[in-house]
Amino acid sequence: MVLFVEPGARWRAVAYGPALCGGLLLVEWLTGSTLHGFALGFCALALGGFTALQVFAGRTHAGVELTEDALRQGTETLLLSQIAEVLPADDAEAGDGRALGDLSGVPRRRRAIGLRLLDGQIVRAWAIDHTGLRAALTSALAGSQR
């Protein structure tokens, strides 16, 4: 069962560029000016294609999913059985750990949550809704320790 999820990016973003190009074509048609169908079609495909690549990368590397058994941060999965505790938000030690996932640090617009693993290592989980992830992690760890 999924307890918390942030997809990292949404597929609806792929439609924004082509929709804008379609709107521009409609304005050209309604105003009676020259229609630039080929150019706007090419731009729509290019914008949609590049955005699809960005959304795929965002979903792969910036997605967060917490289940009853594991926490997935980007491409890295951490079993809840490996987590000893969720560190308090004001704990200075929490900023010293490596960020989970295969990125060099915490992704933009996300806040870190310190986790102490059973081996004593400190790692940083992250999410946009960091308070929601912290609450879900705390609850999941409390439920798994029963």
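Values in this text are rule-based calculations from the coordinates and carry no lab data. In this text, all values refer to a predicted model and were calculated from it rather than measured experimentally. All Cβ positions, glycine included, derive from the backbone under ideal geometry; neighbour counts span all protein chains shown.
Between Leu53 and Thr31, take the C-beta separation as r, use R0 = 30 Å, and let me know the FRET efficiency to the nearest 0.05. List each step's numbers first, then the result.
Details: r = 34 Å, r/R0 = 1.12.
Plugging the Cβ-Cβ distance into 1/(1 + (r/R0)^6) gives 0.35.
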The chain - mean residue ellipticity at 222 nm from DSSP helices (-39,500 (n - 2.57) per run, n ≥ 4, rounded to 500): -13000 deg cm²/dmol
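Quick one: grab the alpha carbon gyration tensor of the range 64-144, order the square roots of its eigenvalues as a ≥ b ≥ c, and give me rounded if a/c is under 1.5, else prolate or oblate depending on whether a/b is larger than b/c. Walk me through the intermediate numbers first.
Details: a/c = 1.28, a/b = 1.16, b/c = 1.10.
The shape class here is rounded.
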Extreme residue, positive dipole direction of the chain, given options Gly97, Ala135, Gly74 (C-beta unit charges): Gly74
Phi-based couplings in Hz for the range 65-78 (Karplus 6.51, -1.76, 1.60; Gly and Pro marked x): 9, 10, 10, 5, 10, 8, 10, 9, 10, x, 9, 9, 10, 10
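Per 0.36 nm of contour for each residue apart, how much would the distance between Arg10 and Arg111 grow if the chain were fully extended, relative to their Cα-Cα spacing?
Details: separation 101, 0.36 × 101 = 36.36 nm, distance 1.95 nm.
My answer for the length gained is 34.4 nm.
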Separation of alpha-carbon centers, the range 22-41 and the range 45-112, rounded to whole Å: 42
